[in-house]
């Protein structure tokens, strides 16, 4: 009899499969149902066949099998298709639910690989179902239509679209009775209308269907909202749709009650509708990328996606549809990572576009919700992806970032005679909508700002990566984001601009006003200098001096002249500026009784305006920066550092110290850069005013109501954005002077892991080698490791580089071993292997217990044991520990997991069943290798003695049976070991006898030689 492995695989009647592909489970299920139907009805007349099947269909499961089998027959036997469809109709007592579910599964799982003749039968099924008015068939038809947009060959797509368009054109009566979901049909067909110019007949069919639905069922189509407008823009030059546009713009009541372009743009498309414009396989892959893939590991997934779906040069419109669908897809359980992956995916789409026009459509699909955003209707989730894309482009593709912002601007700019826009919204929409679109984009930015997603527009639009003319045009177009204040009562307008949420109103400034009233309309300094951006208000013609003069109206007279003198000094004359700053501080010290909270706020605002250029134009440190007295003297020769120097030199007992702290704290609240510059200043004083400098920073943290380590993390985050060289320069100082707090801070280590580059890592390891700093301590290490499990892969590698560089022992991570899950925590598991490989101390019972306490669901414990026994000395110790543990578990009766529930709350619980299970896996995977290390380990006498005791123990009998192969291997190794020992003893004995005989023979021969010599002499 031939073995089963040689049986010929049955060919598939539904799918095109290669010789190496397995048959699909769904196909086999349908085929089995068909065979059952054939067996029961073979040879029976048609009426009796119906009766038999009706009787069998009484059981739910049997009914499902029969329905699936009949559907299989319809698809594979065209000559009997009408017969099978009729039987399905007779049996469909559930309203066709079961049959349509099977059709959906076939469309989702099998259609891409389906044979051409089977695809023709799918069309036949839909034609018959529409004729019979099968309920819910429209939903299945839409799922069928999804397969058109999968990036396949244009001819295959044309065949599918032709079938659908032909069916719909032939059944207008059926179309008129469709549910509101019918709106998905035109929006899908409209996507292909411009792509099929070579297929004139098909194009005409699609245009006719869409035009009929838009004119006869416009109210239903209108539920697509702004996405309907987007779809109509693509086909606006086609005469049939140009007429729809005219009705929509000038006579909307002809299409439907109260439905205008403005109304459609304010409607958000239902979140599931855009997904129907791509295939199910595409949707599943995108959901996986957004929910499961981490940044840094995405390239192979994106490459596969591009090769699978976007390699066809004719898949032009698919890219813009993918951009639109990506916006609506969920981000999984970690929205932050999901949004980042969305940005990476959408960014990768732009360079793949085959033409400039297609790239413009991709941009429009990305920004469309910004152009239609209305705070009253919500939809903020749809505007976030575009911001993340723009932020990502600024780092990886600056030219494309400029192009995207320029596109956003040009959609709102009025056409000028000397400048023809690349793409003008007024070409496609009613010109009266321009102001509405501008307002929508402004509101989108305000939402991002208000919810701390963007912070300040300066983060993006004062970025030096953006071209100057792009930045200027942006401010000119969206002036609502950058508001100048109106001057009144003869005063200059209050300095700066504000990210307004309310209409601009006049602000009166008089000397008697309180500081809080004045400051309500003063620029938020974060938007000026906090994010290393440029001034966003110089275009309104207000100089720094004018703004300071405006504030001086509310400042006490004793401080006005010093501030005015400081403001009037040229920015290039730092010596004079420092001198004027010192005079201002002297004035503050002399009149400290005049400084209340209001005056401190005003002084801080004045100083920030004066220091604005110093902070904004401060150049990042050069690579390899060294703290020499000359360099530091030049760097700190600025008025801001005069304040820091006075603070560090003022003792705690001096009352003026609190004034300086209050002034600096007020400046920090408006400009985050101030606090990390103070930290830098204190780091340069570690040799002279060390204690007082550190105390100054700690006191500032206390005044800001922020723990020092929390403030340090915040400062380093801002510093990394502004000056990554200074960021790396401050890290050793932080770990040296704030060692206890820094070594226990999860957030600080997370910041380092996500921010350090290769050179900075090498420099920090050098600091550790010279014993200047240490990154970890035992009591907090576990919490940092636990938190790191959720970090990106690259960040985890940086973290573990620091761990290995410091030589952290594996004992510190013992309690984490049982919590690591493969493959969820693959990065950490790999690092544990490395720690065991480099281990420089003998294994202990704690390590063995933690390894064996893991459930034997993966190879982690086996791999760790294999690493431990590579060293012969360690192998002896591991064998002893396992032997002792086996004896102890047998004596205590800890044999099965259920027997000892709740015991040993302070240790990881291990039972004999787990131990044998791990050793059995070790036996299966590690024996018969070239090194024979595993055999030598299992044959060690101590381990053999433990297994001998286990064989003799009656209560272990069930485990002996379960792990009989393990016990058999141990017995074989024991016999081999004994035989080897006997052979060695025999060899030693024979060698000894041979040696003795050799010695005796040697002596005799020596005597003979001596005797012979004597005889010779005698002669």
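The values are calculated or read from the model by the stated rules, or taken from the named source; none is laboratory data. What you see is a predicted model, and the numbers here were worked out from it, not measured in a lab. Cβ atoms come from the backbone with ideal geometry, glycine included; neighbour counts cover every protein chain shown.
How about region 731-756: which of its residues are under 29 Å from the mean Cα position of the chain (by Cα) and crowded, with 19+ Cβ neighbours inside 10 Å? Within region 731-756, 731, 742, 743, 745, 748, 749, 751, 752, 753, 755, 756 meet the criteria. Which residues, counting only those in region 232-244, are free of Cβ contacts under 8 Å to residues at least 24 places away in the same chain and assigned to a helix (DSSP H, G or I)? Hits for region 232-244 are 239, 242, 243. Picking from residues in region 464-484 that are at pLDDT below 75 and part of a loop (DSSP other than H, G, I, E, B), the one that is nearest to residue 368 (Cα to Cα) is 482.
Scanning region 146-159 for residues that are touching a residue at least 40 places away in the same chain (Cβ under 8 Å), assigned to a helix (DSSP H, G or I) and surrounded by fewer than 21 Cβ atoms within 10 Å (Cβ to Cβ) yields a count of 3.
Within region 272-291, the only residue that satisfies the criterion of being outside any loop (DSSP other than H, G, I, E, B), over 30 Å from residue 444 (Cα atoms) and in contact with a helix residue (DSSP H, G or I) (Cβ under 6 Å, 6 or more places away or on another chain) is 280. Pick out the one residue from 762, 742, 753 that is farther than 22 Å from residue 810 by Cα and without any contact (Cβ under 8 Å) to a residue 60 or more places away in the chain. When all the criteria are applied, what remains is 762.
Residues checked against (1) part of a helix (DSSP H, G or I); (2) surrounded by fewer than 18 Cβ atoms within 10 Å (Cβ to Cβ):
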residue	(1), (2)
36	yes, yes
44	no, yes
61	yes, yes
64	yes, no
67	yes, no
70	yes, no
84	yes, no
123	yes, yes
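Of all residues in region 574-596 being within 16 Å of residue 558 (Cα to Cα) and in contact (Cβ under 8 Å) with a residue 40 or more places away in the chain, which is surrounded by the fewest Cβ atoms within 10 Å (Cβ to Cβ)? Before you say what the answer is, go through the steps one by one.
Our first condition is that a residue be within 16 Å of residue 558 (Cα to Cα); within region 574-596, this holds for 580-596.
Next cut, in contact (Cβ under 8 Å) with a residue 40 or more places away in the chain only: 580-582, 585, 588-589, 592, 595.
Values: 580: 22, 581: 26, 582: 17, 585: 21, 588: 23, 589: 16, 592: 12, 595: 20.
Of everything passing the filter in region 574-596, 592 is surrounded by the fewest Cβ atoms within 10 Å (Cβ to Cβ).
Kindly provide the set of residues from region 765-811 that are closer than 19 Å to residue 837 by Cβ and assigned to a loop (DSSP other than H, G, I, E, B), ordered by number. Scanning region 765-811 gives 807, 808, 809.
Before we move on, is residue 695 closer than 28 Å to residue 651 by Cα, out of contact with any strand residue (DSSP E or B) (no Cβ under 9 Å at 6 or more places or on another chain), part of a helix (DSSP H, G or I) and outside the structural domain of residue 617 (by TED's automatic domain parsing)? Steps first, please.
On the way: closer than 28 Å to residue 651 by Cα: yes; out of contact with any strand residue (DSSP E or B) (no Cβ under 9 Å at 6 or more places or on another chain): yes; part of a helix (DSSP H, G or I): yes; outside the structural domain of residue 617 (by TED's automatic domain parsing): no.
No, not satisfied.
For residue 106, state whether it is within 19 Å of residue 16 (Cβ to Cβ) and either in a helix (DSSP H, G or I) or outside the structural domain of residue 159 (by TED's automatic domain parsing) (or both). Considered against the rule, which asks whether it is within 19 Å of residue 16 (Cβ to Cβ) and either in a helix (DSSP H, G or I) or outside the structural domain of residue 159 (by TED's automatic domain parsing) (or both), residue 106 comes out as yes.
Only residues that are without any contact (Cβ under 8 Å) to a residue 60 or more places away in the chain and buried (at least 16 other Cβ atoms within 10 Å of the Cβ) were counted in region 561-573, giving 6. Screening region 292-382 for helices (runs of 4 or more DSSP H) wholly inside it with 3 or more residues that are surrounded by 20 or more Cβ atoms within 10 Å (Cβ to Cβ) and in the same structural domain as residue 400 (by TED's automatic domain parsing) returns the ranges 316-328, 335-349, 356-372.
Kindly indicate whether any position in region 221-237 is farther than 21 Å from residue 175 by Cα, surrounded by fewer than 18 Cβ atoms within 10 Å (Cβ to Cβ) and outside the structural domain of residue 358 (by TED's automatic domain parsing).
Here is the first cut: in region 221-237, the ones farther than 21 Å from residue 175 by Cα are 226-227, 229-230, 233-237.
From the residues that got through so far, the ones that are surrounded by fewer than 18 Cβ atoms within 10 Å (Cβ to Cβ) too are 236-237.
Within this subset, residues satisfying the condition of being outside the structural domain of residue 358 (by TED's automatic domain parsing) are 236-237.
Yes, there is a match, as at least one residue in region 221-237 is farther than 21 Å from residue 175 by Cα, surrounded by fewer than 18 Cβ atoms within 10 Å (Cβ to Cβ) and outside the structural domain of residue 358 (by TED's automatic domain parsing).
Applying the set (1) assigned to a helix (DSSP H, G or I); (2) in contact with a helix residue (DSSP H, G or I) (Cβ under 6 Å, 6 or more places away or on another chain); (3) buried (at least 20 other Cβ atoms within 10 Å of the Cβ) to residue 269 leaves exactly one unmet item: (1). One residue stands out among those in region 245-259 that are assigned to a loop (DSSP other than H, G, I, E, B) and without any contact (Cβ under 8 Å) to a residue 40 or more places away in the chain: the one that is surrounded by the most Cβ atoms within 10 Å (Cβ to Cβ), which is 256.
Look at (1) over 37 Å from the mean Cα position of the chain (by Cα); (2) over 20 Å from residue 571 (Cβ atoms); (3) assigned to a loop (DSSP other than H, G, I, E, B) and you find that residue 637 fails only one, number (2).
Does residue 728 satisfy the criteria of being at pLDDT 90 or above, surrounded by 20 or more Cβ atoms within 10 Å (Cβ to Cβ) and under 22 Å from residue 804 (Cα atoms)? Taking the combined requirement at face value, the residue satisfies it.
Anything in region 14-31 that is assigned to a helix (DSSP H, G or I) and loosely packed, with under 12 Cβ neighbours inside 10 Å? List them, or say none.
Taking region 14-31 and keeping what is assigned to a helix (DSSP H, G or I), we get 25-31.
Hit for region 14-31 is 25, nothing else.
Test residue 80 against the stated conditions and say whether it is without any contact (Cβ under 8 Å) to a residue 12 or more places away in the chain, within 23 Å of residue 117 (Cβ to Cβ) and surrounded by fewer than 16 Cβ atoms within 10 Å (Cβ to Cβ). Considered against the rule, which asks whether it is without any contact (Cβ under 8 Å) to a residue 12 or more places away in the chain, within 23 Å of residue 117 (Cβ to Cβ) and surrounded by fewer than 16 Cβ atoms within 10 Å (Cβ to Cβ), residue 80 comes out as yes.
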